[in-house]
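Comments concern the structure below.
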Amino acid sequence: ETAETAETTGTLRSSEDWRWADTDDALATYGALATVLVLGNVPQIQSMSQSGLFYFVSLAVITIYMGAHRGLNSKERARIDFKNALAAPALASASLFGFFLLIKYLPDLNFQTILDVYFFMLATFATLGAASGPFKSIAEKANVQVTFDVPIPETLGAVDPESNETVDTLPLYGSDILVALLSLGLASADLASHHQNFSLSNLIACLVAGDILQLIGLSSFRVAGVLLVGMLLYDVTWVFASPSFSGGENVMLKVATSDVLTGPTRLLFPKIPGGMGEASFFPFSLLGLGDIAIPGLLCCLALRYDASRSVDISARGEASWKAIINSIENLTGEESGEEIMALTGSAAEAAYDKIADQELEQRNLSQGTSGGDKQAEPMPVSSSVMYNRLYFKASMLAYVTGLLLAFVANDVTGLGQPALLYLVPCTLGAILAVSLKRGETGRLWRYRDTSPSVWGQKDKDQVE
């Protein structure tokens, strides 16, 4: 009975054990984001050659890093399967060309008010999602956190997502009130400036892109290849080929630089006066959010793959220690020293193996090698992933390389470049190169994200 009771302590880790948003790494990431945005407003830096390049690279890398790590703690996400990946380029093309026709033939049509309301809500919720964790962490570390119990009417039937039990009060933290005020303030300031404050607009754009990367995910690396190659073709077509069927106009450039549709949909940085090139009329250099989000989805998948391969020794050790304590507490006092050692030893071993078996089952589920049609209940991610991010680091380094190549090509040709033309081969190539070097190509090919989908779909990207 003692050994059996002790074994039950080797259960799944609580999702509250580790959250990236509560870590010092998260605070450092948001601090880096604020620093880059502040430095981008310094006139001396704006006048420096290539300062825009390092500005864009920094913001893009921080945004992907932020979204990928926040996504580790997401209990469910909207998964992109083969069907979605195949449809994405066509849907993006229809949307882009539709905006182009509106701008070209109905330049006086004004629906900015509707967009302003949309962007206000988007900015508010994106800031809430990004700032809640760090602000709560800071308040708790400073021992200034205040908690209020807000009553909930019984008719609402509120349920605790963790325990699945009905609750009649909701804890409201003082830090959350501060974050809500900050979110409304930033959204209002952006609205009041008509999205013309490039730093404020860039901040909101980064937070929105981070939300996208947290809440939407690729279901496998096979799907990633389909989506990224398809979006590469989309990008190249609408940048290089569109003048041939749109009256000589670059459709992508026309929409990206239009004043008819303004909002936090791109990153901007002031150009040095007197510049030449295809978009010399536009006062800003720009980077579209799609050039962050599309490769960013692959980087996020790489981090989740790293997490699926990580071994949490600390969780195993903690489970073993709790099992030993539990065994000792259940002793009758009549056991010999030898029996005590045997009982505590077997309990610790059982608890250790239970965590190890759960991790192995999770890996098997992600490889499609677990028996039956069982739907995975993902192992909560632990801090061990921070020490095992090989594929993520490779994809991020490749992203930086691809973005640098895109800007070099832009400077050399004087023409706007489809950034995905450089980003997609670099990021996909880096993932493939690492897997070949480690002999894991087959495992990478079979991997699939087993986290629950908000759409409730099964894994449709299986190759029978």
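The values are calculated or read from the model by the stated rules, or taken from the named source; none is laboratory data. Note that the structure is predicted; figures quoted are calculated from it, not measured. Glycine also receives a Cβ, built like all others from the backbone with ideal geometry; neighbour counts cover every protein chain displayed. These accessible areas exclude ligands, DNA and RNA; they are computed on the full protein's heavy atoms, side chains included. Shrake-Rupley method; radii C 1.70, N 1.55, O 1.52, S 1.80 Å.
The separation of segment 427-446 from segment 40-70, counted between C-alpha centres, amounts to 29 Å. Evaluate E = 1/(1 + (r/R0)^6) for F97 and E76, where r is the Cβ-Cβ distance and R0 equals 41 Å; express this FRET efficiency to the nearest 0.05. Rounded to the nearest 0.05, the efficiency is 0.80. Taking 0.36 nm per residue of separation and subtracting the Cα-Cα distance, full extension of the segment from A32 to V408 would add 132.9 nm. Extension gain for the segment A433 to E249, taken as residue separation times 0.36 nm less the Cα-Cα distance, is 62.4 nm to one decimal. Size descriptors for segment 92-141 (Cα atoms only): Rg and Dmax, in that order, 18.1, 57 Å. As a length-normalised measure over Cα pairs under 8 Å and 6 or more apart, the relative contact order of segment 121-277 settles at 24 percent. Counting 0.36 nm for each residue step from L156 to D24 and taking away their Cα separation leaves a gain of 43.8 nm. Each label point was placed 7 Å from the Cα along the Cα-to-Cβ direction; for H194 and L182 their separation is 3.0 nm. Applying 1/(1 + (r/R0)^6) with r as the Cβ-Cβ distance of L261 and L415 and R0 = 22 angstrom yields a FRET efficiency of 0.45. Applying 1/(1 + (r/R0)^6) with R0 = 30 Å to the Cβ-Cβ distance of A142 and E339 gives a FRET efficiency near 0.05.
Measuring only protein heavy atoms, the 1.4 Å probe finds E165 accessible over about 120 Å².
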